[in-house]
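Just so you know, all these numbers are worked out from the coordinates, no wet-lab data involved. Remember, predicted model here, so these are calculated numbers, not experimental data. Because the Cβ atoms are built from the backbone with ideal geometry, glycine has one as well, and the counts that use them run over all protein chains shown.
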Amino acid sequence: MRTTKGEQTREFNYVTNLVDGLVAAAVHEGDLPDPINLASGEEVPIATLVTKIAALTETKSKVEIGALPYRPTEIWRMYADSSRAREKLGWKPAINLDQGLERTVAWYRKYLAEQAH
C-alpha cells in the first residue's frame, strides 16, 4: 500500500453517530433554519488513519507512507464545526474514530467469514 505523506486531514464519523444526529434533528421541536453539521470534531491526518487501519487489520502488505506525490489539486483539510448540533440538538458523537475503526474491521471480518461458508 503506497500513499502520499498523508499530511492532509479529514474528519470521520461512525454511521450510528450520523443516524443519531439525523434522528435528533427529525424529532427536534422548533425551527432549525440554518445548516447543522454532524461532525466528529476530530481532525485526522491521513497518515494516521492508514497506520491505524494497517494495525487493526494486521496487514501483511508493505505500507509506504510518503511513496506517492501529492495531487496538484490536493484538498489539505476537511473539517466541520458541530457546535450547532451540540447546542441545538444536544447531539455529540458517541463512537470515536478508534472505536469506529475497531467495529468496522470486526464487522468486515465477520462478513468475510460468513461469505466463506
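Restriction of the trypsin sites (Lys or Arg not before Pro) in the stretch 28-117 to DSSP coil positions whose beta-carbon has at most 11 other beta-carbons within 10 angstrom yields K60, K62. On full extension, the segment bounded by I75 and L22 gains 16.4 nm, given 0.36 nm per residue less the C-alpha separation.
Of all the Cα-Cα pairs you can form in the chain, what percent are over 16 Å apart? Taking all Cα-Cα pairs of the chain, the fraction more than 16 Å apart is 68 percent.
For the chain, give the magnitude of the charge dipole about the Cα centre (Cβ charges: +1 Lys/Arg, -1 Asp/Glu; no others), in debye to the nearest 20. Kindly include the intermediate steps, with their values, before the conclusion.
Numbers: 15 positive and 16 negative charges, 113 e Å.
The calculated dipole for the chain is roughly 540 debye.
The distance from the alpha carbon centre of the stretch 2-29 to that of the stretch 54-104 is 9 Å, rounded to a whole number. Checking every one of the GluC sites (Glu not before Pro) in the stretch 10-117 against DSSP loop status and a limit of 11 other Cβ atoms within 10 Å picks out E29, E58, E74. Dividing the helix sum by the residues of the chain, where each DSSP H run of 4 or more adds -39500 (n - 2.57), gives a mean residue ellipticity at 222 nm of -12500 deg cm²/dmol.
Using the Kirkwood formula over every pair of different C-alpha atoms, what hydrodynamic radius in Å results for the stretch 48-117?
Working: mean 1/r = 0.0636 Å⁻¹.
The Cα-based Kirkwood calculation yields 15.7 Å.
Subtracting the Cα-Cα distance of T3 and T59 from their residue separation scaled by 0.36 nm leaves 18.7 nm. Once you divide the Cα radius of gyration of the stretch 1-63 by 2.2 N^0.38 Å, the number left is 1.58.
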